[in-house]
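For reference, the structure is listed below as structure tokens.
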Amino acid sequence: MSRQSLATAVATMALLSPPPAPSEPHRTDPHPDFRLRLMGDPALSTLAARVESPDQLHYALLPSMRTILARTRGLGLAAPQVGVALRVALVWQHDDKAVQRKGERPPRLELLAMLNPRIVNRSPQRLVWSEGCLSVPGFTTSKTRDAIVVVEFLDAATLLPREVKLFGMDAQCAQHELDHLEGRNLTDGLARPLRRRAQRDVADAVAKLAKEPQALGYHPLYRLEGFEP
Ligand SMILES: [Zn+2]
């Protein structure tokens, strides 16, 4: 399906899907059309198109993405990961100024819902991070990322343009999610043994899900049909 026709299909599905009850944003499963895709799914290698009709995303796509992120306790999620080739990304921003114990993750500040995001500035400093991806459950690898990035986007909540400076883990997450919008993945360019390990980790996760539907607590969140490890 072409990018344009997929965008139209999403708009149509969005119009057919009622918005979730505001008091229970995370108690329903994601819309079945917007479940997480796993490594190897062609949706993860597709270049995402610009969002031209942001209002329609609120009925099904964004609530489904928020549900998935909440249930998996993920840091970020991009629309291609739920099979939608649109430039939409969720990124948790953390409060770097908050005092926390050593090794503790800083408290969450805001879930940034970014439409058409792009990095407009980056620090010369780079850091090596351990990185995972909801589309490659169970797998982590080290990745070099810019330590600070400035991201410009249309805020999905207000539909106003914003510019946000992200540091450390948040900068890493934004770069990871924006890579998804280009069809780039954590496992791209890995040496063959590491890539095989990622495939094995995904296959193990799928086997667990098939045997025990509530394994990992993720079952209704993933699209397992047609998955071939
Ligand atoms: Zn990812």
Task: Condition check for Ser135: of a type in the set (Ser, Thr, Tyr), within 16 Å of the ligand (Cβ to nearest atom) and in a loop (DSSP other than H, G, I, E, B) - done: yes
TODO: Taking the residues in the range 138-150 that are of a type outside the set (S, T, N, Q) and farther than 20 Å from Arg73 by Cα as candidates, determine which candidate is nearest to the ligand (Cβ to nearest atom).
DONE: Lys143
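One line per residue, one yes/no per condition, for (1) outside any loop (DSSP other than H, G, I, E, B); (2) more than 16 Å from the ligand (Cβ to nearest atom); (3) modelled with pLDDT of 95 or more:
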| position | (1), (2), (3) |
| --- | --- |
| Thr67 | yes, yes, no |
| Gln81 | yes, no, yes |
| Asp96 | no, yes, no |
| Leu115 | yes, yes, yes |
| Leu127 | yes, yes, no |
| Glu152 | yes, yes, yes |
| Thr158 | no, yes, no |
Task: Qualifying residue in the range 193-203 (condition: in contact (Cβ under 8 Å) with a residue 60 or more places away in the chain, out of contact with any Leu (no Cβ under 8 Å at 6 or more places or on another chain) and not β-branched (Val, Ile, Thr)) - done: yes
TODO: Answer yes or no as to whether Asn185 is farther than 24 Å from Asp95 by Cα, modelled with pLDDT of 95 or more and either polar (S, T, N, Q) or touching a Cys at 6+ places or on another chain (Cβ under 6 Å) (or both).
DONE: yes
Open item on the list: Looking at Asp179, Asp204, can you tell me which residue is within 15 Å of the ligand (Cβ to nearest atom) and out of contact with any Lys or Arg (no Cβ under 8 Å at 6 or more places or on another chain)?
Closed with: Asp179
Task: Criterion: of a type outside the set (Gly, Ala, Ser) and free of Cβ contacts under 8 Å to residues at least 12 places away in the same chain - qualifying residue of Glu104, Glu110 - done: Glu104
TODO: Only residues that are in a loop (DSSP other than H, G, I, E, B) and not aliphatic (A, V, I, L, M): list them for the range 55-65, please.
DONE: Tyr59
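The values are calculated or read from the model by the stated rules, or taken from the named source; none is laboratory data. Values in this document were obtained by computation on a predicted structure and should not be read as measured data. Note that we place each Cβ from the backbone using ideal geometry, even for glycine, and neighbour counts take in every protein chain shown.
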